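In what follows, a structure is listed as structure tokens, so that the remarks can point back to it.
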Amino acid sequence: MLAPGDDALITLTADLIAAARGSARATDRLDADICWSPATSLGVDIALGHRTPAAARAVLDHQVDRVLNG
């Protein structure tokens, strides 16, 4: 779960998304949040043994690809 102080992390991620796309979009911040939300819950899945790190990484890679490539 992201804490209120993690706003800078969302901002950094939104900036990285814009840089990877080559231009900023109005949805960059939302896309950053969409990437971090499953990342935090997947961490819990790994800690509880419900998912391997490799399986979690595959989910995140898929989501990042969708964000960057539409």
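The values are calculated or read from the model by the stated rules, or taken from the named source; none is laboratory data. Because the structure is predicted, anything quoted here is derived from the model rather than measured. Reconstructed Cβ throughout: ideal geometry from the backbone, glycine too, with neighbour counts over all protein chains shown. We work out accessible area using only protein heavy atoms, side chains counted, and drop any ligands, DNA or RNA first. Shrake-Rupley method; radii C 1.70, N 1.55, O 1.52, S 1.80 Å.
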Assuming a ≥ b ≥ c are the square roots of the Cα gyration tensor eigenvalues, decide whether region 27-70 counts as rounded (a/c under 1.5), prolate (otherwise, with a/b larger than b/c) or oblate. oblate
Stretched fully, the stretch from THR27 through ASN69 gains (0.36 nm per residue minus C-alpha distance, one decimal, in nm) 13.8 nm
What nm value, rounded to one decimal, do you get for the distance between VAL59 and ASP7 when each label is placed 7 Å out toward the C-beta? 2.8 nm
For the chain, the per residue accessible area (1.4 Å probe, Å²) is 67 Å²
So the carbon and sulfur contribution to the accessible area of the chain, 1.4 Å probe, in percent, is 61 percent
Would you compute, from DSSP H runs of 4+ residues alone, the mean residue ellipticity of the chain at 222 nm, taking -39500 (n - 2.57) per run and dividing by the full residue count, rounded to the nearest 500? -25000 deg cm²/dmol
Between ALA20 and SER37, what length comes free when the chain is fully extended (0.36 nm per residue of separation minus the Cα-Cα distance, one decimal in nm)? 4.2 nm
Using alpha carbons only, how many degrees (0 to 90, rounded to 10) separate the axis of helix 7-21 from the longest principal axis of the chain? 70 degrees
